[in-house]
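Just below is one structure, and these are the notes that go with it.
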Amino acid sequence: MGAEAAIWAIFFLPLASFGVIALIIRPFLNRHYALSGFVLIVPLAAALGLSIWALRAVIVGQDLDFDPHLWLEVGSATIEMGLLVDQLTAIMLIVVTGVSLMVQVYSLGYMREDTGHARYFAYMALFTSAMLGLVLSINVIQLYVFWELVGVSSYLLIGFWHERPAAAAAAKKAFIITRIGDVGFLIAILYLFLQADQFAAENLNAFHIPDIWQAAQPVAMGGAILGGTALTWFALGIFSGAAGKSGQFPLHSWLPDAMEGPTPVSALIHAATMVAAGVFLVARFYPVFQASEDALTVVALIGAFTALMAATMALVMNDIKRVMAYSTISQLGYMMAALGVGAYGAAVFHLLTHASFKALLFMGAGSVNHATGTFDMRYMGGLWRRMPLTYVLMVVAGLSLVGIIPLAGFWSKDEILTGAWNGSGLVDGWVSRVTFVMLLGGVLLTAFYTFRMLYMTFHGEFRGGVDRELEVQEQATRDEATRGPAAPDQVPATSGLSGQHALVHLAESPVAMVAPMLVLGVAAVFSGYLVNPQWVKEFGIPGHWISEFLLTGVEHAAPVLADRIELHDFSRWIATISTVVAVAGLGLGALLYWRRQDGRQVPRRDPLEAAGPVHTLLSQKYYIDALYEGALVRRAFYRIIAGTLDWIDRNLVDGTVDAVGWIFRNIGSVIGRLQTGQVQAYGTAIALGSLLILLGLLLF
Amino acid sequence: MSAHDVYLVSPLLAMAGVGILVILFDLVTPRKGLLPAFAILGLVAPLVLLLIQFYDLKDSVNLVREAGLLASGESGVLVDSLSVDRFSLFFSFLVLAATGLVILGSVDYVRQMERNQGEYFGLILFSATGMMLLVSATELITIYIALELTTLPLAALAAFLMTPRSSEAGMKFFIISAISSAIMLYGMALIFGFTGSTTLEGIAASFQEPAQAVFGGGVPAFGSFAMLVGVVLLLVGFGFKISMVPFQMWVPDIYEGAPAPVVAFLSVASKAAAFAVLLRVFFLGFFDVALDWGILLAVLAAASMTIGNLVAISQSNIRRLLGYSTIAHAGYILVGVAAGVRELGAGVPEFVAIGPNSVLFYLGAYAAANLTAFFVIIAISMRIGSDRIDDYAGLARRSPLLAVALTLAFIALIGVPPTGIFIAKLYIFTAAVEAGLVWLAIVGVINSVVSAYYYVRIIRVMFLQPATSEEKITASFSSWSAIAIAGAATVWIGVAPGLMLRAAEAATVVLAG
């Protein structure tokens, strides 16, 4: 009982903060800056402590199987609420509470001048609590509830600065696109409803996640309620939801736009936790995915393709947060690909290390924005002298992202590459080879864009920050005015002009911002080797610790299939190859950018623009956004379908019935004339409608 | 009519009585502000009587046919025409709650009127009386009278403002309802002519006789052509009330023109009562041909959802938008009705309780969410005098709480947790799956996503577009109370759905026949 209460507390502590901030602080004590921050930070620290305790309990094998509580009964389906604390959950709890705590401390500094801090921290508390609920859910409906709540709080936070139209549009886009992915997830859940009776016959509950694992096992293990093609479609439905949340191709286009939210939000939600929820979801249902080679193949190939494609788009972005956003999509692709080829431990391990260094990179971007007022790298430069601490931390995090030994990112990326190279019994050999090649290509691009980002931000001469950006924009507007009206999409987007930060004061950020960055910096250096040592055993941690640990979880859930996953030893060859590729990428970047300054001309020409049409294609994001919004949403959906129906409603139906109504009117209608002829029309429509139904019934 | 009969209809009498008293009170009091308080306090009388009946019902299914009374021959008048059971009580409570909330939400609105304030509340109460009669009616003529009693006051209310738009809305509503009533009455006549009975029980019994084949062997849907036509014509009347495609055309016009509180009442209470009678007639009267109407309603459900949602996208007036939204929601709810039957094999229908259960649950959750939305819209349109969505720009600035409440209502209408309609949609799509209508469940899920588009658009306008005016929007205490109660109910049904689920399950036992 005590243990269960302690784990529930991890979820309820931030929820209580949300209640206190929303109901007490915001209405009555809104003036007291930082109060709401502390109301969130202190419970979060407690939740982190409890998460560490939970991890320890899982490690020592303490019994954490709690009976779920009945929530509702719908027909023959029983829906419960409960806690699922296994190896995966324990790791996720640490990631979510840890990163969230760091981000909240950072926000104390970053949001200092924003008047909406109570609202901000309330949303943050809601998000953190929903994310923890998602990670802890034992029931798929319960999980779905939190899944949506996470989406709603993300919506609120992206649109936090709602006076900016771009933020508004981005929030809406994120909400709608992730919901498109959720259709698949919901259909998968509906399929469970369909199978509820079969589950019940085996004494299983169709929504209880461990029971779903059980049902996906081969017949020999007393499972196979889910099997064959149905299982593949079920798994793909779940993956569709996961792809929406994790920004996998073709549902990736919302994530870069989501960068309109405050930067700490990007660090927490759109780098470390919520976007990783998709990876978590696939990992959560891994015993199901294992049973379908086809589903895993799709996961692997989509993941690998996303990893590569997003990296190409990151090459040409000028907004530092957008570079990071595409980088995040790309790294999530690595995780998905790892899951697809059977490197389960490596995927979650990469999720962990990525959370630390990507959150740090975002915080760095926020810190830089704090100083320069802009997110546009073309107006930065030369910052390393003014902000040495931020610089060092960003370089560390960047190299960790590139995968330079011995930083955290190296170990997890290496584990993924090793897993992909060796493959597993779960997918065909060619799938893992193709995945390996794409991921290796991704390493080259990652190294290149990371170098470009760090160089443009911190080296060379300072190019004026937001002041210069505004000048250039004014100049552009004046030019446009003389040349005639500009097309709306040609107006340069103002990046990061939140009003509060729109002042250039080149100096290191306050302690509240730098301190959490230091903590994450330590994690970005050490977390890789310490939790997953490869050959040195002197720290008292067994080799391959985290992968082994996570694998015990899957083996416990799916004893037969998990045997087909092998843990591969560290391979010097693969490590050497990936390091050479990464260094080559950095070198290529250096070759193109180092000391190539055309004086102080701002914005200076990007060397990549020499690539002409390719550059255009990449900076237009392969025209996918244009396709979605222009062709699909605006033209096909809105204009054609909705427009046609509206037109039919207005003209065709009204028109037809008008014609019939006209006859009635002219036979000395009893109804008489109203202001419009519509009443006759509606009456006739009723008659026609009933005739239509009668005809339909007679014909079929 | 014995004393017991009076007891059975006492909630109805009390409701009508309160209506009359409010009108009389209006004549004598100069303080018109007391009228709504008087009306709401008056609702305690039918509430208490309903509660008494509720506890009285403990062991029996239907108070009208209580075994002991029938044996002594005491009760006779109402036996065939009414049923006081858990089903009727569920809906009576729902109608009562909606009536109380609508009166509370009308206070500000009515205060602007120079005269006839008493009549306004009186007409609402009369209409509610009709709805309470409708939900317990078990005989076609009673159903017809109850429907008219429900509709006529609503037509008067729709025209109540006496502005050109309001009068037009009232007149349209009146005429369309008259047309659909006439068609329905013709259907009833056909059914009576063919089965020789107007009671649901008698109609059901007539199906026991073997169907006669026509045209060389084939049996038409519903057993015979006369029944086919009769049932479809009956469906016209019900379809009009629940705003189902293809009888939905009046909805946007009335929603736009009629007084907003009246529209709220129409979209919640009137819809619920019409669904109640639809369920009762189709499950008790026509159950033997349930497979025929099951598929018909499934198709109409899909059409209502799809047309409602798609046309809603291009609306620029928030009330018209909610009109199309209510058509779409009628579609979702019809899914549950269609899911009430499943083929047991060889054309024999089987009752699936979860279908009607989900309908009742959905109606409750929808009432809470839709009332929240309408109360906010009333408060806003009273201040800014416009229902254009563009005029909602920057509402979050001008009144953060109203914006949050409307967002909550829309989140609920999309079906996002933790609100009641999320559970309701889950419930209704589960029902569809259990009844073998997987395709319909998928259509429903896709429709929910489409609907997110236009609701989110309004949320976006409120929060993200610059305000056209800096003037703050406030609401009176009564409006706030109405919004708070309806909003709290929306969340409560979503977080703790147990009570509503159990009530719905207990109520639909009656439909199992």
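FYI, it's all coordinate maths here, none of it is from the lab. The structure displayed is predicted, hence computed values, not measured ones. No Cβ is skipped: glycine too gets one built from the backbone with ideal geometry, and neighbour counts run over all protein chains shown.
In table form, for the structure just shown:
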| read-out | value |
| --- | --- |
| Karplus-derived HN-Hα couplings along region B:415-430 (A = 6.51, B = -1.76, C = 1.60, θ = phi - 60°), whole Hz, x at Gly and Pro | x, 9, x, x, 10, x, 5, 4, 4, 4, 5, 3, 5, 6, 6, 4 |
| Centroid-to-centroid separation of region A:227-294 and region A:375-451 [C-alpha atoms, Å] | 20 |
| Nearest 10 degrees, 0 to 90: helix B:164-195 Cα axis against chain B principal axis | 10 |
| Prolate/oblate/rounded call for region A:438-480, Cα gyration tensor, a/c under 1.5 rounded | oblate |
| Helix axis angle, B:140-158 relative to chain B longest principal axis, alpha carbon, degrees | 10 |
| Amide H partners (placed H, <5 Å) of A:Ile404, local residues excluded | A:Phe410 |
| Segments A:103-109, A:44-50 sorted - mean Cβ within 10 Å per residue, highest first | A:103-109, A:44-50 |
| Farthest positive-ward along region A:78-196 dipole, Cα basis, beta-carbon charges - from A:Leu108, A:Val145, A:Val85 | A:Leu108 |
| Protection-proxy order for peptides B:181-190, A:439-448, B:286-295, each taking the mean of Cβ atoms within 10 Å per residue, highest first | A:439-448, B:286-295, B:181-190 |
| Relative frequency of Cα-Cα separations exceeding 18 Å in region B:273-384, percent | 56 |
| Ranked B:Lys58, A:Lys321, B:Lys472, B:Lys425, criterion: other C-beta atoms within 10 Å, fewest first | B:Lys58, B:Lys472, B:Lys425, A:Lys321 |
| Debye, to nearest 20: dipole size of region A:279-405, +1 on Lys, Arg Cβ, -1 on Asp, Glu Cβ | 500 |
| Cβ-derived FRET efficiency at R0 45 Å, A:Val522 paired with A:Leu591, nearest 0.05 | 0.90 |
| Chain B, relative contact order in percent, only Cα pairs under 8 angstrom and at least six apart counted | 15 |
| Per-residue mean of C-beta atoms belonging to partner chains within 10 Å, peptide B:412-419 | 4 |
| J(HN,Hα) series, region A:263-274, from Karplus relation 6.51 cos²θ - 1.76 cosθ + 1.60, nearest Hz, glycine and proline x | 4, x, 5, 4, 4, 7, 8, 9, 10, 9, 10, 4 |
| Signed unit charges on C-beta, dipole axis of the protein assembly as shown, positive-most listed residue B:Gly230, B:Ala409, B:Ala496 | B:Ala409 |
| Cα-based Rg / Dmax (Å) for region B:5-164 | 16.9, 58 |
| For chain B, calculated [θ]222 nm from helices alone, where every DSSP H run of n ≥ 4 adds -39500 (n - 2.57) | -24000 deg cm²/dmol |
| Values of log10 I(q)/I(0), in the order q = 0.09, 0.10, 0.11 Å⁻¹, for chain B under a Debye, Cα-only, solvent-free model | -0.60, -0.74, -0.90 |
| Region B:9-147 - charge dipole about Cα centre, Lys and Arg +1 at Cβ, Asp and Glu -1, debye rounded to 20 | 440 |
| Lys, Arg +1 and Asp, Glu -1 on Cβ, resulting dipole of the protein assembly as shown about Cα centre, debye, nearest 20 | 3340 |
| Cross-link table B:Lys271/B:Lys425; A:Lys173/B:Lys271; B:Lys32/B:Lys472; A:Lys172/B:Lys241; A:Lys173/A:Lys245, entries beyond 24 Å C-alpha to C-alpha | A:Lys173/B:Lys271; B:Lys32/B:Lys472; A:Lys172/B:Lys241 |
| Rounded to 10°, Cα long-axis angle of helix B:225-242 versus longest principal axis of chain B | 20 |
| The protein assembly as shown: antiparallel DSSP beta bridges as a percent of all, rounded to 5 | 100 |
| Region A:42-190: C-alpha gyration tensor shape, a/c 1.5 cut-off, then a/b vs b/c | oblate |
| Listed peptides A:355-362, A:420-427 by packing density, highest first (mean Cβ within 10 Å) | A:355-362, A:420-427 |
| Relative exposure of A:His208, A:His350, judged by other C-beta atoms within 10 Å (fewest first) | A:His208, A:His350 |
| Formal net charge of residues neighbouring B:Val277 (Cβ-Cβ distance under 12 Å; K, R +1; D, E -1) | +2 |
| Using θ = phi - 60° and Karplus 6.51 cos²θ - 1.76 cosθ + 1.60, couplings along region A:2-9 (whole Hz; Gly, Pro as x) | x, 5, 5, 4, 4, 6, 4, 4 |
| Shielding by partners - mean other protein chain Cβ count within 10 Å, residues of B:454-462 | 3 |
| Value of relative contact order over region B:100-246, rounded to a whole percent, pairs C-alpha under 8 Å and six or more apart | 18 |
| Per-residue average of Cβ from other chains inside 10 Å of B:498-508 | 1 |
| Relative contact order of region A:53-163, pairs being alpha-carbon contacts under 8 Å that are 6 or more residues apart, as % | 25 |
| Inter-label distance, nm, simple model (7 Å from Cα along the C-beta direction), A:Ala200/A:Arg385 | 7.6 |
| Ranking of B:Met113, B:Met171 by count of other Cβ atoms within 10 Å, fewest first | B:Met113, B:Met171 |
